[in-house]
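Asks: One structure follows; several queries about it will come next.
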Amino acid sequence: MKPILTFITTMCLCAAVYAQNTPKHDATALLEYYQNQRYADAFTYLHGIYGDSVADVKILSALAYTSQMSGQLPQAEKYYLRILQTDSLNIPVLFNLGNINNRRGNNAKAIIYYLKIIKKDSTNFNVYRQLSTLAKNVGDMGSSIYYMQQANNINPLDGDVAFDLSTFYLAIKQLDQAEKVLSPALAADSTNLTLILGKAKTTYQQGKTAETIALCNKLIQEGDQSGAVISMLGTSYYLEKKYQLCIDTYNKLTDDTQTEASLYYTGMAYKGLKDQRKAIKYLEDAIEKAISPTVDTYYGEIAESYDRLNKTMLSLAAYQKALEYNERPVTLYALAILYDDKLKNKKQAIRYYKKYLASKPPKNHQQYMAYSSSRIEALSR
């Protein structure tokens, strides 16, 4: 009997000693770290006590959380994966692993973790939102829209999802669907400017000019004078034949933010007011805005390619087209060379050499300028 009592006593003493020697953190100290958002210090504190060999899920969770919050993402992932080994369908852990991989740019891996959550919880709104964004990032637009639709079905009142989904429907001209998505969200949050903008874009494409005007004016009153809002409002005023209001609206744009469309509708509004001079001015400005400032260089490149193919007349036509947009020195010089070497037209060669010299070529053109002067002299004999 005595040996048995001795064994029990010994085991109890060992257990007590072990309990006393088991490291344990100070909950108050850890809470203070959390409250002051000193997550890196919290991680260092916990790691210093428990090290990496700890198996307690609660401690692993604390180490994972503090390392994640302090930006030590690879370390956090390591701890979360260890927890996952004991519970492969732990939704908070899967969500954190998805977020970590999302932050590290590993979209494909993040998608895998989020999809595991969906298998267990098919009504998780936030996961569908994340999946939609990630699918878009990897170029899978079909899945992105599907996940967005699922998120919208779960919570049709979320303004961000409603706006994004309506934007997609507008892009594919499903205007009724866009309106259907926006309506419940806007009814729940009638002052949400993002949703009002989405509604304005929808009514604009539907041709509901009066409603578009009301919505755009509401946006402007709230400080949104973006180009998109000004454009929809100005064009709607024009379509309503409110020409002066159209002009006044587009005048809110600066010279830098004027577009081909804004200049066109301003010109047409002046035409509606029978102010033909201003109509002509704005329509000419619209034409200028519509043309790329470097279009002459495109024609110049085309001309050079034709020249290398020995298609001289096509090369000449392309260079002449380039001059219609901009008389660059390099184009004038190329034409002079073409007339001189290929077409043997002395008169035109002299003309373009002179025009080239008069165009104030850049300083690094000294060699070409000298050659042009010598050719003018030689061809004039």
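Asks: For the list (1) more than 41 Å from the chain's Cα centre (by Cα); (2) open to solvent by less than 60 Å² (accessible area, probe 1.4 Å), I need the number of the one condition that ASP296 fails.
Replies: Every condition holds for ASP296 apart from (1).
Asks: Search the range 31-47 for residues that are in contact (Cβ under 8 Å) with a residue 24 or more places away in the chain and under 9 Å from SER70 (Cβ atoms) and pair each with any residue that is β-branched (Val, Ile, Thr) and open to solvent by less than 70 Å² (accessible area, probe 1.4 Å) when their beta-carbon atoms are under 8 Å apart and the residues are at least 6 apart or on different chains.
Replies: What qualifies is TYR39/THR66; ALA40/THR66; ALA42/THR66; PHE43/THR66.
Asks: Please work out if ASP285 is under 21 Å from PRO361 (Cβ atoms), out of contact with any Phe, Trp or Tyr (no Cβ under 7 Å at 6 or more places or on another chain) and touching a residue at least 24 places away in the same chain (Cβ under 8 Å).
Replies: No, not satisfied.
Asks: Every residue in the range 85-99 that is open to solvent by less than 50 Å² (accessible area, probe 1.4 Å) and not hydrophobic (A, V, I, L, M, F, W, C), please.
Replies: ASN90, ASN96, GLY98, ASN99
Asks: Also, quick follow-up: Output the residues belonging to the range 355-369 that are part of a helix (DSSP H, G or I) and either touching a residue at least 12 places away in the same chain (Cβ under 8 Å) or farther than 15 Å from ALA334 by Cα (or both).
Replies: Those that are part of a helix (DSSP H, G or I) and either touching a residue at least 12 places away in the same chain (Cβ under 8 Å) or farther than 15 Å from ALA334 by Cα (or both): LYS355, TYR356, LEU357, LYS363, ASN364, HIS365, GLN366, TYR368, MET369.
Asks: Determine, yes or no, whether TYR50 is at pLDDT 85 or above and under 43 Å from the mean Cα position of the chain (by Cα).
Replies: Judged against the criteria, TYR50 is not a match.
Asks: Restricting to the range 322-354, give me the number of residues that are open to solvent by 60 Å² or more (accessible area, probe 1.4 Å) and either acidic (Asp, Glu) or part of a helix (DSSP H, G or I) (or both).
Replies: Of the residues in the range 322-354, 10 are open to solvent by 60 Å² or more (accessible area, probe 1.4 Å) and either acidic (Asp, Glu) or part of a helix (DSSP H, G or I) (or both).
Asks: Let me ask something else. When you look at SER262, is it more than 29 Å from ASN326 (Cα to Cα) and in contact (Cβ under 8 Å) with a residue 12 or more places away in the chain, yes or no?
Replies: no
Asks: Name every residue in the range 41-78 that is of a type in the set (Phe, Trp, Tyr) and either closer than 16 Å to ASP26 by Cα or open to solvent by less than 60 Å² (accessible area, probe 1.4 Å) (or both), in order of residue number.
Replies: PHE43, TYR45, TYR50
Asks: From the set of residues in the range 328-368 that are basic (Lys, Arg) and within 46 Å of the chain's Cα centre (by Cα), which is farthest from MET313 (Cα to Cα)?
Replies: Among those residues, the one meeting the criterion is LYS363.
Asks: Ok, one more. Is it true that ALA269 is under 30 Å from THR202 (Cα atoms), of a type in the set (Gly, Ala, Ser) and exposed (fewer than 15 other Cβ atoms within 10 Å of the Cβ)?
Replies: So ALA269 does not fit the description; no.
Asks: Which count do you get for residues in the range 176-226 that are farther than 28 Å from LEU253 by Cα, open to solvent by 20 Å² or more (accessible area, probe 1.4 Å) and in a helix (DSSP H, G or I)?
Replies: Here the count works out to 9.
Asks: While we're looking at this one, here's another question. Condition first: at negative phi and small (Gly, Ala, Ser). Now tell me which residues in the range 30-74 satisfy that.
Replies: ALA40, ALA42, GLY48, SER53, ALA55, SER61, ALA62, ALA64, SER67, SER70
Asks: Any idea which of (1) farther than 30 Å from ALA370 by Cα; (2) modelled with pLDDT of 95 or more; (3) not β-branched (Val, Ile, Thr) is the one GLU288 doesn't satisfy?
Replies: With (1) farther than 30 Å from ALA370 by Cα; (2) modelled with pLDDT of 95 or more; (3) not β-branched (Val, Ile, Thr) applied to GLU288, the lone miss is (2).
Asks: Restricting attention to the range 167-192, report how many residues are within 20 Å of LEU219 (Cβ to Cβ) and without any contact (Cβ under 8 Å) to a residue 12 or more places away in the chain.
Replies: Selection size over the range 167-192: 4.
Asks: In the range 150-166, how many residues are buried (at least 17 other Cβ atoms within 10 Å of the Cβ) and free of Cβ contacts under 8 Å to residues at least 12 places away in the same chain?
Replies: 0
Asks: Of all residues in the range 47-104, which are hydroxyl-bearing (Ser, Thr, Tyr) and assigned to a loop (DSSP other than H, G, I, E, B)?
Replies: SER53, SER70, SER88
Asks: Is it true that some residue in the range 101-108 is without any contact (Cβ under 8 Å) to a residue 12 or more places away in the chain, surrounded by fewer than 16 Cβ atoms within 10 Å (Cβ to Cβ) and on the phi > 0 side of the Ramachandran plot?
Replies: yes
The values are calculated or read from the model by the stated rules, or taken from the named source; none is laboratory data. As the structure is a computational prediction, the values presented were derived from the model and not from experiment. A quick note on method: Cβ atoms are made from the backbone with ideal geometry, for glycine too, and the neighbour counts reach across all protein chains shown. Keep in mind that these areas ignore ligands, DNA and RNA; they rest on the heavy atoms of the full protein, side chains included. Shrake-Rupley method; radii C 1.70, N 1.55, O 1.52, S 1.80 Å.
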